[in-house]
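Everything below concerns the one structure shown next.
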Amino acid sequence: MSLTWGSVSGWWLPLCVVLGLLYAWLMYRKPVQLQKSFRYGLFALRAIVVSLLALLLLSPLIKSVTYQPQKPLILIAQDNSESIKLFRGQNKVSPDGGDLEGANSLLALQKQLGDDYEVHAFNFDKDLKDGLSNTFNGKQTNISGALKQLNDRFVNQNIGAVVLATDGLYNTGADPSYEAKNIRSGIYTIAMGNTTARKDVLISNVSYNKTAFLGNDFEIEVSVEAYQSKGGRSQLSVIEDGRNVHQQNIDINSDVFRKTIPVKLSADKKGIRKFVISLSHLDNELSYDNNTETIYVEVLDARQKILLVYDAPHPDITVLKQAIESNRNFEVKTTLTSDIAKLKPADYTLAILYQLQAGSYAKLQAITQNKMPLWFVAGTQADLQDLNNHQKVLGVSATRAESQEVFAQVVPGFSAFTLSDSTRSKLEKLPPLLAPYGSYKTGNGAQILLKQKIGNVATDYPLLAFGDDGGRKVAVLSGEGLWRWQLAEYREYGNHSATEELLSQAVQYLTANANRQRFRVYAAKNIFDEGENVLLNAELYNDALELVNTPDVKINLKDQAGKNFSFLFTRSGQSYQLNAGTLPVGTYAWSASATLGKQAFKADGQLTVKPLNLEARQSAADHQLLRQMAQQSGGKMLYPSQINQLADLIKKNENIKTVVYEDKRYNDLIDMKWVFFLLLALASVEWFLRKRAGEV
């Protein structure tokens, strides 16, 4: 520890000593009954006490320095996806303590490194998980996502090296080599799998639209690949619900064969149609798992039409249109307010009024005066007085025409519809929207999905609210700038899924129950991926068409084998929600029921859990990617048989070393308790001696 000075000069210290000496001299210059030596002792005590008190008035600081060593972190990330098990090479990384051709396993690396390193082990497929695993059952591989999660979790820590054990095959997320550049340490890759092309015929991809319309033809594209199969012939078949609807032969004319085959199909039946696409087997193929793909196409009667009205062009218009039409149940018609007379409002099930200015609402009486659901979007151009006059869900009071940047803050108790956890998380990380500067209030019964967060301050001001306004469903978004969300989400995650899910779900909620059906149950989507949580929503209305959730709502899901899965919906707000968790692959017919008073309500429907076969689409490992990642980071690529060299490589790497962090702290001298007790002791001793000598 050392003494340092704040805003004053250290030259005041001699003056403090002079002040103490002067004070003591004035007090003891003419003692009558004190001996000379005794008087000098009391003089010294008084001088010290006064000097210290004067010093404290200058507010000096005590600087303390501590040193905290941090061992280098060694992060092990092991690929736990199905491709490792399906197409493994002769060597396999065993995480359960077994050996690799006589070498220790990944789990033994910690013992080899000793106490000089801090080792953390993880496994990954689509997401990163703690610990190593030997199940190899992941349905998707996201190497880039695993590296990013490691980097985020250990940010600003002493990462010495990352050990990545994988075959280099990924089917979701960005190119791992780009994310690897963000890791400021060496990456040692363990090259699993086999790069040697072996005899195999496979379906590498199927491109198709998830929805089609009744009576129309639609086309799918099947990408076929074959290796070491020159001269062979395979047959491509498409089976729809047990019926063969397409068949053709494929002649393989090279050892590395690739071909994209268009197949025209007919949407002749409404509902979710299952198509099984398969290639006939060749003798001695590496795997038959990748010869078959299953797709599901939802055949619809017609789209619901959404009307998007605006006064002036804005990039948000395109974002709204694209996001809503990502759900092919909806078709968006955009129009200027001045052209509204050319349209028939009765053709549309929802109108979105985007930043309408003063006087525009007078042209929209055919829309605003009926019971069509409305979605108002405010912003810097919207006329707030007209906005407040035409709905009671959200009111904005602004004394001047100013705006402010507001971030989205998801409200946990929102219950009108369900958003996935990943979407909720992403929304709070997206850039701010521009909202009018003022005060906000919501009407009775309004449900807020997003609140405004200004800087780091969370507020109760609504950003996106839903409600019922005189029997009409209404939504109000108080900010503009959705285009920022779309760009930022694509830059960060490589997709627009959160923006699309939010806008699509909002439109689905607003258009639901447009015919005032008293009991409605609907899934978040009709087709779920294998391993994805199945989410359903339910709404129940009383005779006055008011939402209630007093009665229990039960649902029974039955798969094609006749197995039943029964659930009870959870009450949430004024409606119901159900997270049925992950269900086995298959098509489920569901039947829901509720009883309100003496009335019994039922609702039926269907959903599908489709299999994910992404891991079987590539059989040859991508060791070139692993070599590139290792070289650009200063690491090295090893094969499983060389893993016993890994600990020595890490120990010999001079860049991997313990880092000592210096922590400097400054405290006011007056806050030190020992100073108080020292002054008290000195003053008490002086008083006691003077008292004993009769000077007090």
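The values are calculated or read from the model by the stated rules, or taken from the named source; none is laboratory data. Here the structure is a predicted model, which means the values were calculated and not measured. Note: ideal-geometry Cβ built from the backbone for every residue, glycine included; neighbour counts use all protein chains shown.
Here is a check on your reading of the model: is Asp125 in contact with a strand residue (DSSP E or B) (Cβ under 7 Å, 6 or more places away or on another chain), within 30 Å of Ser229 (Cα to Cα) and of a type outside the set (S, T, N, Q)?
On the way: in contact with a strand residue (DSSP E or B) (Cβ under 7 Å, 6 or more places away or on another chain): yes; within 30 Å of Ser229 (Cα to Cα): no; of a type outside the set (S, T, N, Q): yes.
No, not satisfied.
Search region 267-282 for residues being modelled with pLDDT under 90 and not hydrophobic (A, V, I, L, M, F, W, C), and hand back the single one that is farthest from the chain's Cα centre (by Cα).
Of everything passing the filter in region 267-282, Asp268 is farthest from the chain's Cα centre (by Cα).
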* To do: Inspect all residues belonging to region 668-675 and state whether any of them is surrounded by 12 or more Cβ atoms within 10 Å (Cβ to Cβ) and free of Cβ contacts under 8 Å to residues at least 24 places away in the same chain.
  => no
* To do: Test Ile352 against the criterion of being surrounded by 19 or more Cβ atoms within 10 Å (Cβ to Cβ) and out of contact with any Gly (no Cβ under 8 Å at 6 or more places or on another chain), and give yes or no.
  => yes
* Structure fact -> With the first residue restricted to region 267-278 and required to be at negative phi, and the second required to be modelled with pLDDT under 85 and of a type in the set (Asp, Glu), Cβ contacts under 6 Å at 6 or more apart or on different chains are Ile272/Glu298; Lys274/Asp241
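Restricting region 365-376 to residues that are modelled with pLDDT under 90 and not in a loop (DSSP other than H, G, I, E, B), which is surrounded by the fewest Cβ atoms within 10 Å (Cβ to Cβ)? Show your work before the answer.
Going residue by residue through region 365-376, those that are modelled with pLDDT under 90 are 365-372.
From the residues that got through so far, the ones that are not in a loop (DSSP other than H, G, I, E, B) too are 365-368.
On the way: Gln365: 11, Ala366: 15, Ile367: 18, Thr368: 18.
Here the answer is Gln365.
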* Asked: Hey, any hits in region 290-310 for a residue that's over 33 Å from the mean Cα position of the chain (by Cα), assigned to a loop (DSSP other than H, G, I, E, B), farther than 23 Å from Ile527 by Cβ and at pLDDT below 85?
  -> no
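Looking at region 406-450 only, could you name the residues that are among the small types (Gly, Ala, Ser) and over 23 Å from Leu540 (Cβ atoms)? Write out each step before concluding.
Pass one, region 406-450, residues among the small types (Gly, Ala, Ser): 408, 413, 415-416, 420, 422, 425, 435, 438-439, 443, 445-446.
Residues satisfying the conditions are Ala408, Ser420, Ser422, Ser425, Ala435, Gly438, Ser439.
Taking the options Leu578, Leu612, Leu583, name whichever one is assigned to a loop (DSSP other than H, G, I, E, B), under 30 Å from Leu419 (Cα atoms) and modelled with pLDDT of 90 or more.
Numbers: Leu578 fails: assigned to a loop (DSSP other than H, G, I, E, B); Leu612 fails: modelled with pLDDT of 90 or more.
When all the criteria are applied, what remains is Leu583.
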* Can you tell me which residue in region 530-545 is surrounded by the fewest Cβ atoms within 10 Å (Cβ to Cβ), limited to those that are modelled with pLDDT of 85 or more and either in contact with a Phe, Trp or Tyr (Cβ under 7 Å, 6 or more places away or on another chain) or in a strand (DSSP E or B) (or both)? -> Leu535
* Structure fact -> Among residues of region 300-313 being touching a residue at least 40 places away in the same chain (Cβ under 8 Å) and farther than 20 Å from Val507 by Cα, the residue surrounded by the most Cβ atoms within 10 Å (Cβ to Cβ) is Asp311
* To do: Would you check if there is a residue in region 257-274 being buried (at least 18 other Cβ atoms within 10 Å of the Cβ), in a strand (DSSP E or B) and out of contact with any Asp or Glu (no Cβ under 8 Å at 6 or more places or on another chain)?
  => no
* Within region 198-220, restricting attention to residues that are assigned to a loop (DSSP other than H, G, I, E, B) and out of contact with any Gly (no Cβ under 9 Å at 6 or more places or on another chain), which residue is surrounded by the most Cβ atoms within 10 Å (Cβ to Cβ)? -> Tyr208
* Structure fact -> Note on region 458-492: residues touching a residue at least 60 places away in the same chain (Cβ under 8 Å), over 15 Å from Ala323 (Cβ atoms) and in a helix (DSSP H, G or I) are Glu492
* To do: Select from region 31-77 the residues that are out of contact with any Ser or Thr (no Cβ under 7 Å at 6 or more places or on another chain) and within 30 Å of Gly635 (Cβ to Cβ) and list them in ascending order.
  => Tyr67, Gln68, Leu73, Ile74, Leu75, Ile76, Ala77
* **Positions within region 562-576 being surrounded by fewer than 20 Cβ atoms within 10 Å (Cβ to Cβ) and either within 18 Å of Asp604 (Cα to Cα) or polar (S, T, N, Q) (or both), in sequence order** => Gly562, Lys563, Asn564, Phe565, Ser566, Phe567, Leu568, Thr570, Ser572, Gln574
* Structure fact -> Picked from region 581-598 (must be in contact (Cβ under 8 Å) with a residue 40 or more places away in the chain and more than 33 Å from the chain's Cα centre (by Cα)), the residue nearest to Leu547 (Cα to Cα) is Leu596
* So how many residues does region 199-246 have that are among the charged types (D, E, K, R), within 24 Å of Ser287 (Cα to Cα) and under 33 Å from the mean Cα position of the chain (by Cα)? -> 1
* Residues that are among the aliphatic types (A, V, I, L, M) and either under 29 Å from Asp127 (Cβ atoms) or in a loop (DSSP other than H, G, I, E, B) (or both), drawn from region 546-567 -> Val548, Ile555, Leu557, Ala561
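Quick check on region 377-393: of everything there that is assigned to a helix (DSSP H, G or I) and hydrophobic (A, V, I, L, M, F, W, C), which residue is surrounded by the fewest Cβ atoms within 10 Å (Cβ to Cβ)?
To start, the set of residues in region 377-393 that are assigned to a helix (DSSP H, G or I) comprises 384-389.
When the remaining residues are screened for being hydrophobic (A, V, I, L, M, F, W, C), the result is 384, 387.
Details: Leu384: 17, Leu387: 22.
Applying the filter and picking the extreme gives Leu384.
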* Asked: Any chance region 637-660 includes a residue that's at pLDDT below 90, surrounded by fewer than 17 Cβ atoms within 10 Å (Cβ to Cβ) and among the acidic types (Asp, Glu)?
  -> yes
* **Where Gln322 falls short, out of the listed (1) of a type in the set (S, T, N, Q); (2) crowded, with 19+ Cβ neighbours inside 10 Å; (3) farther than 30 Å from Leu202 by Cβ** => (2)
* Failed criterion for Val319 (all others in (1) aliphatic (A, V, I, L, M); (2) at pLDDT 90 or above; (3) in a loop (DSSP other than H, G, I, E, B) hold) -> (3)
* What number goes with the only condition from (1) buried (at least 16 other Cβ atoms within 10 Å of the Cβ); (2) touching a residue at least 40 places away in the same chain (Cβ under 8 Å) that Ile448 does not pass? -> (2)
